[in-house]
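Here is the structure we will look at.
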Amino acid sequence: MNRTTMSLIGAVAALAAVTGAASVFGTPDDDGKSGPAAAERLPVQRSSLLCPVPSDSELAETVYTSFTPAGSAGAQGSDRAELLPAENHSADRAEGDEGEKAGKGKKAKKPKGEAKPVAPLKKTGQPVVASASNSDAPALIGSADGAFAPGWTVQQTTVISAGPNRGVLGVSCSAADTDFWFPGVSTAEGRQDYVQLTNPDDNAAVVDLELHDKEGRVTAPTGEGITVPPGSSVSVLLSTLTAKPTTNITVHAVARAGRVGASVQASDDKLGGDWLPAAGEPAGSAVLPGIPADATSVRLVAMATGDRDADLRLQLAGRTGKLTPAGHETLHLKRGMTAAVDLADVTKGEAGSLLLSPSDEGRPAPFVAALRVTRGEGASQEMAFIPATSAIERHASVADNRAKGTSLSLVAPEKTAKVKVVSSAGSKGGEPTEKTYTVKAGTTLEVQPSPPTEGKGAYALSVERVSGGPVYAARMLELPEGGIPMFTVQTLPDDRGSVVVPGTRQDLSLLTS
């Protein structure tokens, strides 16, 4: 019997004792017999998020936008949602003891005095904005309780006006986990990709970084056993893990002890920089929403993660329906090997979403995938990443939207769906606006959301699936500067703001032998 099973039995026994033998197994029917309990969907009571180190550039200007959708219950005095600084460690540039592995680097100085919370929320339905302009801004460890927990989201947006990292680096802060896939990283010349690992817990985490290129697993012994101290963040430069420069790589980050938050900060000498979030869990099909209408190049990077190859069919869901990219009808992924396909300007002037499905529906094989999207020409190019994401089952939100430069892409791969889009009050006031859209089956609908009425400051977007089939979404934020079309794209997976709780009933027989 494993520990999880024993814990569950203990929890049920404790519940029975506290409630006077309450049973979670059923409720009496009208005839007095035991029947199935009615499950109830309730809002979560606690959420946690981790934001990576923004940048070490002296030109970096970072904005944090925190938001929880308006709910039926008002916030109580003990409810909170706030972010606190983590300690930073630089694994690749550390001056630690001789023989240290990457990840056991020089410890950063603790901030003097008690750390002040970043962007603490005062009420639901209205975002709070905080900023940082110093190059040593730390990673952030956040938690939300009570009324602030359901659907809590934080957007970290960094603008760097010049240098190799120049561009808009946007990322939705994410929860801790033990397993992450990053298709689309690179160790090629002119590219600097860092894996950022943040440990929110009181015990050290140990992480292995596995690299896979087009030939399979890359030998990278220094990527194994990376220690992330408690309440700290570690930055690992991927090019230091292997002597072989490679353009297209998939990184698999696995926590063998503890749990971490993980993201990749990628920068290119010619294409600028952005964050590559972890792709959705390996699956037999994938949706990559929100390719911009004016994308000048699109590169797909994917890897079969299971014990057999994956044969995929490629389709683009555009404004009027699905089409197959000419010359790229199918893609064969060898197990454990990374493949890349340049799709050029596949959208042909209209926003779209890439759909990947098994060529043989009866033999799906799990894989992961992400897109590198480029806008602009010549020296005025800028890149962003779109990982495969999960559908919005009920509700999803993204913060830090601006009155200009915000667009939302909605895709319904299988069946027509109806969704409600709500623009929250602005961080400096205003009233929410909402509109309902119908997304036809097999299409991508791009909309420019209406900002809040008389609102000022950043606002949040919430997408609620009202009816119909699965819906996927992505938000593009454009902040052009100096003739460069700087932008970032964030996908909107379901926020998991509620959970199903089984019903209980009184059952005194549990107290008798």
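The values are calculated or read from the model by the stated rules, or taken from the named source; none is laboratory data. Please read all numbers here as calculations on a predicted model, not as lab measurements. Cβ coordinates were reconstructed from backbone atoms using ideal geometry, including for glycine residues, and neighbour counts include every protein chain displayed. Only protein heavy atoms, including side chains, enter the accessible area calculation; ligands, DNA and RNA are left aside. Shrake-Rupley method; radii C 1.70, N 1.55, O 1.52, S 1.80 Å.
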Debye intensity ratio in log₁₀ form over the Cα atoms of region 358-439, taken at each q of 0.18, 0.20, 0.27 Å⁻¹: -1.10, -1.19, -1.39
Rounded to whole Å, sorted largest first: equivalent-ellipsoid semi-axes of region 140-209, Cα gyration tensor: 27, 19, 11
Label-point gap, in nm, between Ala243 and Arg313 - each point 7 angstrom along Cα→Cβ: 4.7 nm
Relative compactness, region 131-174, computed as alpha-carbon Rg over 2.2 N^0.38 Å: 1.46
Full-extension gain in nm, Ser357 to Asp294, via 0.36 nm per residue minus C-alpha separation: 20.2 nm
Net lengthening on full extension, Glu189/Ser135 (0.36 nm per residue, minus Cα-Cα): 17.0 nm
Distance (nanometres) between label positions extended 7 Å along Cα→Cβ at Ala326 and Asp208: 4.6 nm
Prolate/oblate/rounded label for region 169-317 (Cα gyration tensor, a/c 1.5): rounded
Cα gyration tensor shape of region 354-513, rounded if a/c is under 1.5, else prolate or oblate by comparing a/b with b/c: oblate
Carbon plus sulfur fraction of accessible area for region 241-382, probe 1.4 Å, in percent: 47 percent
Those GluC sites (Glu not before Pro) in region 152-216 that DSSP places in a loop and that have at most 14 other beta carbons within 10 Å: Glu189, Glu215
Cα-projected label distance for Asp201 with Glu281, points at 7 Å along beta-carbon direction, nm: 1.9 nm
Accessible area of region 159-243 divided out per residue, in Å², using a probe of 1.4 angstrom: 34 Å²
Cα-based shape type of region 242-301, given that a ≥ b ≥ c are square roots of the gyration tensor eigenvalues and the cut on a/c is 1.5: oblate
Solvent-accessible area per residue, Å², over region 282-409 with all protein chains present [probe radius 1.4 Å]: 38 Å²
Over 27 Å between alpha carbons, listed pairs Lys123/Lys415; Lys214/Lys348; Lys404/Lys435; Lys348/Lys415: Lys123/Lys415; Lys214/Lys348
Highest-first arrangement of 321-332, 124-135, 298-309, where packing means the average Cβ count within 10 Å: 298-309, 124-135, 321-332
